[in-house]
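The structure appears right after this line, and notes come after that.
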Amino acid sequence: QQGEVGTVIRLQILARRRQARLPPAGAAHKLIPARGLVEVRRRAADIVDIALEIRQGDQALRFAQQRFAAPVLDDPALMRNDGAEMAAAERLNPVGPVFNADSAYAFIAAQCAFGPRAMNTKSHDDCGEWIAKKFESYGCKITNQRADLRGYDGTILRSRNIIASYKPEATTRILLCAHWDTRPWADNDPDSANWRKPIDGANDGASGVAVMLEIARLLNQNKDLAIGVDFVCFDAEDWGTPQWSSQPDNESTWALGAQYWASHYDAAVKPRFGVLLDMVGGMGAQFYRELKSLEYAPDVVKKVWRAARQVGFGSFFLKQDGGGIIDDHVPVNELAGIPTIDIIPFYPDCRQSSFGPTWHTMADNMANIDKQTLRAVGQTMVQVIYSEQP
Ligand code: AHN
Ligand code: ZN
């Protein structure tokens, strides 16, 4: 996964009495046999363009150009196309720029380098400034929404929602959102000595913001996207009632920044739909259809899950239902009226948490971030955004 070059891809060519030319990314054109296996070296961590020309004598019978994501290339079943199927492989149809998972990874590392972004800390405030500046450097218009919010324990949380708008003038818009604060307590850690220590929040917090930043970076590279995107970084998501508290958990103690944003929402142009990115960089993550999302925005779930298949990351987005989660998307749906789904991992067999082994533990750090998860979610969101017609 980390290596630059060297992965061998086998393409099975089934066409009879035909010649095909195959130029893999960066490599010289290579004449491949009419039938049989062909091996191509590719950059290990990229989506590549493959052009396949099927010829009979001098006549070009068919020409197909496709972009394949890494998991597809590694899956012989999916690559076993003959020429005709290749041309018609509608299920693999990536559009838009290539999501750079290394870049997203670096955006997580940069946030973690500030230290835990727990409410009312300098690390938090400094990182918020960095996030806003970063979106601004990618040409987004920044709006800060500051509020003093009351935590479950009465603590006043100095909160800052950061709203970054790409093409603020566009009247067709999509909402992407994630929380940027981190859990002040590792209250789900296997070691009770850690239960009051703050977590790094590489996955829970930083990953969603990082995917959004990478998308903003790509949008700024060529401004040809016909629609606008509102990136909203919610604050004060993760001050929810800790497990060690004598108070019972109460769902209204979570997602305080999103509750505030949604209850004060009065934008002239409402996004068509929204996608919340929560913990989208964890090792072994798989995304099941979340129940609140299915309740409020079933068409958006279908759209996103279909997009995942179109970019070859269907193995990360299962056609199975997970649990129902109280998260930032709930107030966005209920109070702002924007149909919004939650992309959040589900680990049905994990003992530590159904959100995965590192959830609200000290192990939610860089060591447990997987670029392939970032890539799967990031490329899927590129697909969603670039498929939307104005
Ligand atoms: C509850 O545990 C009620 N919601 C999970 C929302 C969350 C916390 N996402 C990340 N951290
Ligand atoms: Zn959390």
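The values are calculated or read from the model by the stated rules, or taken from the named source; none is laboratory data. Every value quoted in this text rests on a predicted model; they were computed, and no experiment measured them. Please note: Cβ atoms are built from the backbone with ideal geometry, for glycine as well, and neighbour counts cover all protein chains shown. For accessibility, only protein heavy atoms count, side chains too; no ligands or nucleic acids. Shrake-Rupley method; radii C 1.70, N 1.55, O 1.52, S 1.80 Å.
Miscellaneous remarks
- Fraction of beta bridges assigned by DSSP in the range 121-242 that are antiparallel (%, nearest 5): 70 percent
- Taking the 1.4 Å solvent-accessible surface of the range 141-291 as the whole, the part contributed by carbon and sulfur is 47%.
- As a calculated quantity, the FRET efficiency between Asp299 and Ser192 at R0 = 41 Å, using C-beta atoms, amounts to about 0.40.
- Accessible area (Å², per residue) of the range 311-390, counting only protein heavy atoms and a probe of 1.4 Å: 34 Å²
- Candidate lysines for bridging to Lys371, where Cα separation is under 18 Å - those fewer than 8 sequence places away on the same chain excluded: none
- For the range 173-275, the per residue solvent-accessible surface stands at 33 Å², with DNA, RNA and ligands left out and a 1.4 Å probe.
- Checking every one of the GluC sites (Glu not before Pro) in the range 119-227 against DSSP loop status and a limit of 12 other Cβ atoms within 10 Å picks out Glu169.
- Antiparallel DSSP beta bridges within the range 234-390, as percent of all bridges there, nearest 5: 25 percent
- Cα centroid separation, the range 308-370 to the range 207-280 (Å): 14 Å
- Using C-alpha pairs below 8 Å separated by at least 6 residues, the relative contact order for the range 164-251 is 45 percent.
- Near Lys197, the amide H atoms lying under 5 Å from its own belong to Ala186; only residues 5 or more places off or on other chains count, and H is placed 1.01 Å from N.
- Long-range amide H partners of His179 with built H, under 5 Å: Phe234
- FRET efficiency estimate (nearest 0.05) - Cβ-Cβ, Glu136 to Ser315, R0 25 angstrom: 0.10
- For the residue pairs Lys133/Lys270; Lys197/Lys319; Lys223/Lys319; Lys134/Lys167, the alpha carbons lie more than 26 Å apart in Lys197/Lys319; Lys223/Lys319.
- Virtual paramagnetic centre 7 Å along Cα→Cβ of Lys223, amide N under 15 Å, in the range 121-139: 136-139
- Here is the list for the range 175-268: trypsin sites (Lys or Arg not before Pro) lying in DSSP coil, each with at most 13 other C-beta atoms within 10 angstrom of its C-beta, are Arg196, Lys223.
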